[in-house]
1. Kindly write out, for the range 134-148 in residue order, the coupling ³J(HN,Hα) from the Karplus curve 6.51 cos²θ - 1.76 cosθ + 1.60 (θ = phi - 60°), rounded to whole Hz, with x marking Gly and Pro.
2. Run the simple label-point estimate for D45 and W189 please: 7 Å along Cα→C-beta, distance reported in nm.
3. Give the long-range amide H neighbours of T54: residues separated by 5 or more places, or on another chain, with amide H under 5 Å away, using H modelled in the peptide plane at 1.01 Å from N.
4. I'd like to compare 154-167, 97-110: which one has the highest average count of other Cβ atoms within 10 Å, and what's the full order after that?
5. What is the gain in length, in nm to one decimal, between K179 and A140 on full extension, counting 0.36 nm per residue of separation less the C-alpha to C-alpha distance?
6. Extending each Cα 7 Å along its Cβ direction at A150 and K124, get the distance between those two points in nm, one decimal.
7. I need the semi-axes of the equivalent ellipsoid of the range 144-187: take the C-alpha gyration tensor, multiply each eigenvalue by 5, square-root it, list largest first in whole angstrom.
8. Can you list the HN-Hα couplings for the range 41-47, worked out from phi with the Karplus curve (6.51, -1.76, 1.60; θ = phi - 60°), rounded to whole Hz and with x for Gly and Pro?
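We did not get these values from a lab; they are worked out from the coordinates using the rules stated. Since the structure is predicted, the reported quantities are computational estimates derived from the model, not experimental observations. Glycine gets a Cβ as well: all are built from the backbone with ideal geometry, and neighbour counts include every protein chain shown.
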Amino acid sequence: MRENWRSKLSVLAGASALALSAVTATPALADDAPVSPQEVQMPADVKIVEGGVTDPGAAVPLPADEAEQAGPVETATPGGQAEAVGAAKATPSSSTCLGSTAAYGVSGCFQHNGDIVWAGDTKKDGMSAAVGVYTDYGRAEEVCVNKLGADTWATCNKDYREGGDVRLRVLRYDGDTGKFYQPETWSGWIPVDGKY
């Protein structure tokens, strides 16, 4: 009888531990809005680069979950004139834009042919999309910021060492305060020349 009691107690303890781990270990999804913005500390010397408007008709590297959207994406230019930047019906091949990474309100990737960083703002929440770029060879960190508004893509054209790797960090940016916010996500290391 004592053994039966102990086995019941161990089953109950195991079920409780499993339920607690499921509640505490569930990750936030990219579309889940954070309860309140959590500030991210960035190095004081990080260079912030404002992304430019993509060329009209340029293929925009959409993440797989947004690939079914079709039609032009309107982008506001500094002069107030709207310009269609084009939208792809399908996700580009991996040879076009590598390291696709997304978090709440932001998507980013690295186009190896031309060393172009893409920053997509996917939520209308008053913040900008930010894509940080880190190298494996000691180049100073830079952040490409998309201040064009929600549902737009901006590009930052850079020149990285062909033998090196870059890593992307996507997060939100508040231009009024100059602060960065979570949620954030990191890509893996991406070869600058596109050759894995």
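1. Listing the rounded values in order: 10, 10, 8, 10, x, 5, 4, 5, 9, 10, 8, 10, 9, 9, 7 Hz.
2. That separation, rounded to one decimal, is 2.3 nm.
3. Distant-sequence amide H within range of T54: T155.
4. Values: 154-167: 16.9, 97-110: 24.4.
Final packing ranking: 97-110, 154-167.
5. Values: separation 39, 0.36 × 39 = 14.04 nm, distance 1.84 nm.
The span from K179 to A140 would gain 12.2 nm if fully extended.
6. Spacing of the two 7 Å Cα→Cβ label points: 0.4 nm.
7. Numbers: eigenvalues 102, 40, 21 Å².
With the √(5λ) rule applied to the range 144-187, the semi-axes are 23, 14, 10 Å.
8. Here the 3J(HN,Hα) series is 7, 10, x, 4, 9, 5, 8 Hz.
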